[in-house]
Every structure is written in C-alpha cells, then in structure tokens.
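Peer 1: Structure provided below as structure tokens; questions to follow.
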Amino acid sequence: MRMPAVVTPALLALFTAAAAAQAPDPNLARNLSAACANCHGTNGVSQGGTISLAGQPKATLVRKMQDYKTGRTPSTIMQQLAKGYTDEQIDLMAGWFAAQKP
C-alpha cells in the first residue's frame, strides 16, 4: 500500500518537470529579434540608414530572410546573420516584427 503513495508523487514531479522543460519561452521571439536592433532600430523601427522591420507582413519578412539565408539575395552582413537562424527562429522573429507598430 505504501508503494503507490511514494511512486505517484515522484512520477507527478517527473512529468511536471518534463512539461516545464518543453514549454516554449514566451519571450523567445522578442529575445531573438533584439539582435536586429543594432541596424534596424529598437523593435524594428529604423532611425534611418536601414529599412524598418516593424509592421511589415510576416510572409514578406520570412521570404526576405530565407532569400538571404540561401544566397538568393546577396549581401555583406545579412546573408551571414540569416544563416545563423533556424527556419523556426526566422518564423518567430518575422511574426514578432509584423506585430510591432511602425
């Protein structure tokens, strides 16, 4: 009778820890996008010199990043930066920028 009383809380703790480890970070898109502020401005609102990313359609941003990543659009910096992101990360960042106010 004591075995289930000990095993059940241990299993519950194990499953809870595993679920928490797999929970997506709600700030991941914002955190990934922060690196873009160096050139594209805070929250993707450029102060000149480069294009603003804020408010652009998500599909457009994804396509442009994929074009840089694959080399379809040559560049000096963006091609190297884009190669450092997974497709999922690009999708997250594009969605975050699309939701920002220009």
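Peer 1: Taking the stated definitions as given, is A21 under 22 Å from M93 (Cα atoms), at pLDDT below 95 and not in a loop (DSSP other than H, G, I, E, B)?
Peer 2: yes
Peer 1: G55 is checked against (1) of a type outside the set (K, R); (2) on the phi > 0 side of the Ramachandran plot; (3) outside any loop (DSSP other than H, G, I, E, B) and fails just one. What number does that condition carry?
Peer 2: G55 satisfies all of (1) of a type outside the set (K, R); (2) on the phi > 0 side of the Ramachandran plot; (3) outside any loop (DSSP other than H, G, I, E, B) except (3).
Peer 1: Does region 59-72 hold any residues that are under 16 Å from H40 (Cα atoms) and either of a type in the set (K, R) or loosely packed, with under 11 Cβ neighbours inside 10 Å (or both), and which are they?
Peer 2: The one that is under 16 Å from H40 (Cα atoms) and either of a type in the set (K, R) or loosely packed, with under 11 Cβ neighbours inside 10 Å (or both): K64.
The values are calculated or read from the model by the stated rules, or taken from the named source; none is laboratory data. Keep in mind the model is a prediction, meaning the values are calculated, not measured. Neighbour counts are summed over all protein chains in view; Cβ atoms, including those assigned to glycine, are modelled from backbone coordinates with ideal geometry.
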